[in-house]
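*Asks:* One structure, pasted below without further comment.
The values are calculated or read from the model by the stated rules, or taken from the named source; none is laboratory data. Computed from a predicted model, the values in this text were never measured in an experiment. As a convention, Cβ positions derive from the backbone with ideal geometry for all residues, glycine included, and neighbour counts pool all protein chains shown. Ligands, DNA and RNA are excluded from the accessible area calculation, which covers all protein heavy atoms including side chains. Shrake-Rupley method; radii C 1.70, N 1.55, O 1.52, S 1.80 Å.
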Amino acid sequence: MFFQVIDILGTIAFAISGVLVAMNKRMDPFGVLIIAFVTAVGGGTLRDTLIGQTPVSWMINMTYVYVILGATLFAILFKNYINYLRTSLFLFDTIGIGLYTVVGIEKGLTIGLHPIICIALGTMTACFGGVIRDILCNEIPVIFRKEIYATACILGGLTYFLLSEFLTDSNFVFVIAGVVVIVIRLLAVKLKISLPSLYKEDKA
């Protein structure tokens, strides 16, 4: 039950972040819904396909579809009350990657995959919905820029397995690992920490 709640919260966060991006691009209602949907389930769909769990989760559990529809409608109706659109987008996206990282790790553990592969699954679950969203919205995906994004997911995954060696309460480990992802991402943006660039800045 706890795991499902985390999954649903991640779905809501990513759906709202998709709505905010689509509305920034001034898409029509259908476009907004599609972007919300692919943002929310894109990473999970890739994960389930890679581990051979088909039909993928949202196709066999209509709860995800209803949650995405509800989150989309909520974000559209209350867009004027979501202050500071850019800040809201960043916050919902950050919450989404934190929650989905632990969801992906749990999926990998359930079928007995190696911890490194579990962390990779968690990172893909967290990041690739946003990748699809940004590509469809004609943006360079955040994960491919120098911002701390996928790195936060990886560090959260490492935290999960480190804590698992010392704590027996898996729910507590889930929460801490997800919070680690969120805090690292928030601090990285607040303190302007980024990955080193491979390119020399053009000199004027």
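*Asks:* Please report, as a whole percent, how much of the solvent-accessible surface of segment 1-97 comes from carbon and sulfur atoms (probe radius 1.4 Å).
*Replies:* Answer for segment 1-97: carbon and sulfur cover 69 percent of the accessible area.
*Asks:* Mind running the shape call on the chain? Use the C-alpha gyration tensor, a ≥ b ≥ c as the square roots of the eigenvalues: rounded below 1.5 for a/c, prolate if a/b tops b/c, oblate otherwise.
*Replies:* oblate
*Asks:* Along the charge dipole of segment 1-135, pointing to its positive end and built from +1/-1 on Cβ of Lys, Arg, Asp and Glu, which listed residue (V21, L50, F2) has its Cα farthest out?
*Replies:* V21
*Asks:* Keeping every protein chain in place, order F3, F161 by accessible area at 1.4 Å, biggest value first, i.e. largest first.
*Replies:* The residues order as F3, F161, largest area first.
*Asks:* Given a 1.4 Å probe and the protein chains all in place, what does the accessible area of E147 round to, in Å² to the nearest 10?
*Replies:* We get 70 Å² for E147.
*Asks:* Using a 1.4 Å probe, how large is the accessible area of M124, given in Å² and rounded to the nearest 10?
*Replies:* So the heavy atoms of M124 present about 40 Å² to solvent.
*Asks:* Report, ordered by chain and residue number, the aspartates and glutamates lying within cross-link reach of K25, taken as a straight Cα distance under 12 Å and ignoring same-chain residues fewer than 8 apart.
*Replies:* Answer for K25, where 12 Å is the Cα cut-off: D134, E139, listed by chain and number.
*Asks:* List residues of segment 96-116, by number, whose backbone nitrogen lies under 17 Å from a label position 7 Å along Cα→C-beta of V175.
*Replies:* Flagged as within label range: 98-100, 102-103.
*Asks:* Kindly report, to the nearest 10 Å², the accessible surface of F74 as traced by a 1.4 Å probe over protein heavy atoms only.
*Replies:* Rounded to the nearest 10, the figure is 100 Å².
*Asks:* Given a 1.4 Å probe, how much area per residue of segment 1-158 is accessible, in Å²?
*Replies:* 48 Å²
*Asks:* Would you kindly state how much longer the chain becomes between D28 and M59 on full extension, computed as 0.36 nm times their sequence separation minus their alpha carbon distance, in nm to one decimal?
*Replies:* 8.7 nm
*Asks:* Could you tell me what percent of the accessible area of segment 127-204 is made up of carbon and sulfur, with a 1.4 Å probe and every protein chain present?
*Replies:* In segment 127-204, the share of accessible area belonging to carbon and sulfur is 67 percent.
*Asks:* Using alpha carbons only, how many angstrom separate the centre of segment 142-156 from the centre of segment 36-105?
*Replies:* Value for the Cα centre distance between the two parts: 18 Å.
*Asks:* So if I place +1 on the C-beta of Lys and Arg and -1 on the C-beta of Asp and Glu, and nothing else carries charge, what would the dipole magnitude of the chain be about its Cα centre? I want it in debye, nearest 20.
*Replies:* Computed about the Cα centre, the dipole is about 600 debye.
*Asks:* Of L99, L20, L109, which is the most mobile in a GNM of the chain whose springs link Cα atoms less than 10 angstrom apart?
*Replies:* L109
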